[in-house]
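Nothing in this text is a laboratory measurement; each read-out follows from the coordinates by a stated rule. Predicted, not measured: the structure shown is a model, and the values here were computed from it. Heads up, the Cβs are rebuilt from the backbone with ideal geometry, glycines too, and the neighbour counts pull from every protein chain shown.
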Amino acid sequence: MESLINKYSTKMISAGLAPAGAPLIALLDADVEWNRHDTLQKTLEQVMAGLHINSLIFSELAEPYKTIIDYLAVSSAPTIFPEDSETRTFFHDFPVCPTFSALELISALKHRKNVIVPKAGIVALGSVSPLQAYVSFSSVCFSCFVKFFTDYLWARRTGRIDKKMEDAFLKVINLLEPPHSPPTLATGPFASRNDILSAISEAGRATVQSRLVDSFFGNISYLACDILYISQTASSLDELEGNIDAVPLDGSSSVGITASSEYSAHRQIVNNTSYRAILHGHPKFSVILSLDCKINDCKFRGSCHTSCPQKREVCGISIVPGEIGKGLSKTVPAAIAHDPSVIVYGHGVFTAGVTDFNEPLQRLAAIENACRAEYFRRAGISSARQWPL
C-alpha cells in the first residue's frame, strides 16, 4: 500500500501539479493509511467515512495552477464550468467549497469526484483506488488551465477584462514553463511484436514527459501485418507495458473490447491511409485555441463539439468537431486523409506517421508551440520578457 500511495504522490509532483512534499494521500485497508502526517487528516478521514470511499487525495497546487484555480474559484464560485471535452464528458463541472469543513466537503463530493477549496487546494476521491483520485485531480488542473486562458481571450475580445483578471493573467504567463523538446524515438518500421510494444511504450512516456498530454488521457496505435496495436482504455501513457491490445483488423478477435475508446477512429485512419503510427495527445494551447471562436452570436454555440458547421483552422491545422469515442471516427479520419494532423474541438490533437512515432511526436510538439505563440499574439503580448515561448 505504501508503494502505491507514494507512486501517485511522485506522479503529481513530477507532472508539475503539486509542490514537493505537498500531496496528502489516503488509502483504506483495515485502517486508513497516509503517505505523511498532516493536521488535516482527521477532517479528511471524516470525509472518507461519510462518503464510504477507500482513497482520497488532497494537495495544494503548484504554479501556475495555484494562481489559475484560486482566481477561478473566486470569480466563478460556487461552481466552475470548463468547456473542454474531458470536463463535459466525465466531470460536468467543478464545485468550490468555501471552507475546509468535513460536512461541506462531503456535501460537494456526494455529487462530484473532486472539490476546490480556495487558497488551500483540491480534494479528489477514488471509490476504488488512488488512480481515480489522481485522474480527477489532474483533470481539474488541465481543465481550469484551459478555461482560464480561453476566458481571457474572450474577455479581451469583448472588452470585459478587469484588473483582477489582468493581474492574474500577467502573473500566470510569467510562471509558465518553457516548451519541452521531445526526444528522438526508435526508428521504424517495426515488424516484431516486441519492437512494436516497445516503440508504443516509449512514445507514450515521451508524450507525457514532454507535457503534451496528462498520463491518463490520449492514446497511441501502430499497424503491422493487419494487426492494430493500440493502448487500452484508461491506461496511463507513461506506463503502457502490459496495457496494449493487439486487435486484428479483420474482426477475428474480441480483444479490442478493452482497447482505447477511440479505436474506431484509429482503425479508419490505418485502413484508408498509408499511416501506421497514430498519436493522440491533449496539448493545452492547441485545445485552448480550438475553443477560441470569434462568432459570439453563433446559433450552434453550446453544441460546437458535435455540430460546428464552420470550416475552422489554427496555425494551418484543421479543427473538427467530434464526441469522445466513436464520434471522432466521423471527423478525424477524413481530416487525416488530407493532412497528417488535426485538432479536435476542445479535446486535443491527432497526428500520424508512416513508419514510426518520431514524426507524429515532433509534429504534436510543433503544433502546440505554434498554438502557444499564436495565443500570445491574439492576447496582445509582444514584449520579449512576457512572451513565454
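Indicate, rounded to the nearest 5 percent, the antiparallel portion of the DSSP beta bridges found entirely in the range 1-159.
Taking every DSSP beta bridge with both residues in the range 1-159, the antiparallel ones total about 95 percent.
Tell me the net charge near SER318. Cut-off is 10 Å between Cβ atoms, SER318 excluded, with +1 for each Lys or Arg and -1 for each Asp or Glu.
0
Among GLU262, GLU323, GLU33, whose mean-square fluctuation peaks in a Gaussian network model of the chain (Cα, cutoff 10 Å)?
Of GLU262, GLU323, GLU33, the Gaussian network model singles out GLU33 as fluctuating most.
What is the range 1-76 by shape, rounded, prolate or oblate, if you read a ≥ b ≥ c off the alpha carbon gyration tensor as root eigenvalues and call it rounded for a/c under 1.5, prolate for a/b larger than b/c, and oblate otherwise?
oblate
Between ASP250 and ALA20, how high is the FRET efficiency from 1/(1 + (r/R0)^6) when r is the Cβ-Cβ distance and R₀ = 56 Å? Nearest 0.05.
FRET efficiency, ASP250 to ALA20: 0.65.
Given the -39500 (n - 2.57) contribution per DSSP H run of 4+ residues, what per-residue ellipticity at 222 nm results for the chain, rounded to the nearest 500 deg cm²/dmol?
Taken over the chain, the calculation gives -12000 deg cm²/dmol.
Restricting to bridges with both residues inside the chain, how much of the DSSP beta-bridge set is antiparallel, in percent to the nearest 5?
95
Extent of the range 69-199 along each principal axis, from alpha carbon coordinates, in Å, largest to smallest?
55, 41, 23
Across bins of 10 angstrom width beginning at 0, how are the C-alpha pair distances of the range 237-292 distributed, in whole percent?
With 10 Å bins starting at 0, P(r) equals 18, 42, 30, 9, 0.
If you take every residue apart from ASP84 with its C-beta less than 11 Å away from the C-beta of ASP84, what net charge results, scoring Lys and Arg +1 and Asp and Glu -1?
+1
In whole Hz, what ³J(HN,Hα) sequence does the range 149-164 give by Karplus (6.51, -1.76, 1.60; θ = phi - 60°), x for Gly and Pro?
The phi angles translate into 6, 5, 4, 5, 4, 4, 5, 5, 5, 9, x, 10, 6, 9, 4, 5 Hz.
Viscosity 0.890 mPa s, temperature 25 °C: Stokes-Einstein D of the chain from its Kirkwood Cα radius, in µm² per second?
Roughly 113 µm²/s, to the nearest whole number.
Can you give the relative contact order of the chain as a percent, counting alpha carbon pairs under 8 Å and 6+ residues apart?
14
Can you list residues from other chains, or at least 5 along the same chain, whose modelled amide H is less than 5 Å from the amide H of VAL314?
ILE319
How big is the charge dipole of the chain about its Cα centre, in debye rounded to the nearest 20, if each Lys and Arg gets +1 on its Cβ and each Asp and Glu gets -1 on its Cβ?
Taking the Cα centre of the chain as origin, the dipole is about 1300 debye.
Considering every pair of different Cα atoms, what Kirkwood radius, in Å, is found for the range 193-378?
16.4
Over 25 Å between Cα atoms: which of LYS11/LYS119; LYS147/LYS294; LYS113/LYS284; LYS7/LYS42; LYS66/LYS326; LYS171/LYS284 fall into that group?
LYS66/LYS326
Given Cα pairs under 8 Å that are at least 6 residues apart, what percent is the relative contact order of the range 53-142?
With pairs under 8 Å counted, the relative contact order is 38 percent.
Tally Lys/Arg at +1 and Asp/Glu at -1 over every other residue whose Cβ is under 12 Å from the Cβ of TYR263; what's the total?
After counting each charged neighbour, the total is 0.
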